[in-house]
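The values are calculated or read from the model by the stated rules, or taken from the named source; none is laboratory data. Just so you know, these numbers come straight off a predicted model, no measurement behind them. For neighbour counting, all protein chains shown are included, and Cβ atoms are generated from backbone atoms with ideal geometry for every residue, glycine included.
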Amino acid sequence: MALPPILKNLPLPVIGSPLFIISNPKLVIEQCKAGVVGSMPALNARPAEQLDEWLAEITETLAAYNRANPDKPAAPFAINQIVHKSNERLEHDMQVCAKYKVPIVITSLGAREDVNQAVHAWGGIVLHDIINNKFAKKAIEKGADGLIAVAAGAGGHAGVKSPFALIHEIREWFDGPLALSGSMATGDAILAAQAMGADLAYIGSAFIATEEARASDAYKQMIVASNSDDIVYSNLFTGVHGNYLRGSVVAAGLDPENLPESDPSKMNFGGGAAKAWKDIWGSGQGIGAVREVVPAAQLVARLKREYAAARERLALN
Ligand SMILES: Cc1cc2nc3c(=O)[nH]c(=O)nc-3n(C[C@H](O)[C@H](O)[C@H](O)COP(=O)(O)O)c2cc1C
């Protein structure tokens, strides 16, 4: 399996996935320093001009860290672009990413050749997230370098496929970079993703319960207190099916067992959705493994310990 140099030899084969509203430069920086790829959606910077400041903060802080720690450099960072027609900021945000030569761009909700070409022109790579094999093929045809397979149980917009089926089908024709997403919150799961054929684990919800995450304390505590029984799958909130914390749906006065279907023609990822449903909290099914709110570095340290223990248990060391 061919991994581009930038994704090779990470201290832990993990991407801390982009989280709408929640990811921010502090979290990205701590993820990278701890040895996993840190990421955030460009849309989290509001107003749009803030993206320039945030990318300056990330690139300057990581460069200074790397100068001070030449033997233990930070992992690279990634910026997520929502490539959907409702994202009116895409062109602006791509220009800012070009200015900072963002090393990894994660594209969601659409695959576009021009976006891929622009990233390649500044020397970056593109990972595109997909929920089935058909979209995976389309993304690679349009020039993405790698794939993120979003399986059942992932936080945010999730698919319905078993990770076993999805990774197998993609690996039949694709030997490039492949990350697996959905319900992973332990080092054991990271190793399992690799055993299945993925190169990297793509972990989101576990990072909500970190000190750096821009989520309310109540949200973080609900992640800690909940498990897979508390996750509701619905398309009501954005027009695309996703997983949400049952407790937040109830608190919004809705019946999680009887949520109406949404009208897909009203899909909106540009910001209105955030306002309408700001108190509906996204989460994947893996949060039973999240027991406390900790600094991101401490979460990564736990994942590293568990990953090493799982390797030892299977006599891989
Ligand atoms: C609250 C929340 C917000 C998310 N926002 C985004 C986003 O803006 N862009 C994106 O590509 N994925 C987004 N995701 C999906 C994650 O990047 C990732 O696929 C998912 O969290 C992985 O599953 P896990 O949460 O079970 O680890 C979001 C997920 C959650 C839980």
For the stretch 50-64, pairs from a residue that is within 15 Å of Cys97 (Cβ to Cβ) and modelled with pLDDT of 95 or more to a residue that is outside any helix (DSSP H, G or I) and not basic (Lys, Arg), with Cβ under 6 Å and 6 or more apart or across chains, are Leu51/Ala45; Trp54/Ala45; Leu55/Tyr100; Ile58/Phe77; Thr59/Tyr100
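Out of Ala185, Ala193, report the one residue that is assigned to a loop (DSSP other than H, G, I, E, B) and within 13 Å of the ligand (Cβ to nearest atom). Break it down stepwise before answering.
Values: Ala193 fails: assigned to a loop (DSSP other than H, G, I, E, B).
When all the criteria are applied, what remains is Ala185.
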Test Thr107 against the criterion of being among the polar types (S, T, N, Q) and not in a helix (DSSP H, G or I), and give yes or no. yes
Scan the stretch 78-87 and give yes if some residue there is buried (at least 23 other Cβ atoms within 10 Å of the Cβ), more than 13 Å from the ligand (Cβ to nearest atom) and of a type in the set (Gly, Ala, Ser), otherwise no. no
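Take His128 and decide whether it is touching a helix residue (DSSP H, G or I) at 6+ places or on another chain (Cβ under 8 Å) and within 14 Å of the ligand (Cβ to nearest atom). Show your work before the answer.
Numbers: touching a helix residue (DSSP H, G or I) at 6+ places or on another chain (Cβ under 8 Å): yes; within 14 Å of the ligand (Cβ to nearest atom): yes.
The answer is yes for His128.
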Test set (1) in contact with a strand residue (DSSP E or B) (Cβ under 8 Å, 6 or more places away or on another chain); (2) among the small types (Gly, Ala, Ser); (3) part of a loop (DSSP other than H, G, I, E, B); (4) buried (at least 20 other Cβ atoms within 10 Å of the Cβ) - Ala149 fails condition number: (3)
Can you find even one residue in the stretch 91-99 that is polar (S, T, N, Q) and away from the ligand (no atom under 13 Å from the Cβ)? yes
Those residues of the stretch 34-49 which are over 25 Å from Pro13 (Cβ atoms), surrounded by 14 or more Cβ atoms within 10 Å (Cβ to Cβ) and more than 9 Å from the ligand (Cβ to nearest atom) amount to Ala45, Ala48
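When the stretch 6-38 is examined, which residues are found to be in contact with a Gly (Cβ under 6 Å, 6 or more places away or on another chain) and touching a residue at least 60 places away in the same chain (Cβ under 8 Å)?
Filtering the stretch 6-38 down to residues in contact with a Gly (Cβ under 6 Å, 6 or more places away or on another chain) leaves 11-12, 16-17, 19, 28, 31-32, 36, 38.
Within the stretch 6-38, Pro11, Leu12, Gly16, Ser17, Leu19, Gln31, Val36 qualify.
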The residue that is nearest to Lys33 (Cα to Cα), considering only those in the stretch 65-97 that are touching a residue at least 24 places away in the same chain (Cβ under 8 Å) and either outside the structural domain of Lys26 (by TED's automatic domain parsing) or of a type in the set (Asp, Glu) (or both), is Asp93
Can you confirm whether the stretch 299-307 contains a residue that is modelled with pLDDT of 90 or more and over 21 Å from the mean Cα position of the chain (by Cα)? yes
In the stretch 162-173, is there at least one residue being within 12 Å of the ligand (Cβ to nearest atom) and touching a residue at least 40 places away in the same chain (Cβ under 8 Å)? no
Is it true that some residue in the stretch 206-217 is part of a helix (DSSP H, G or I) and more than 25 Å from Asp129 (Cα to Cα)? yes
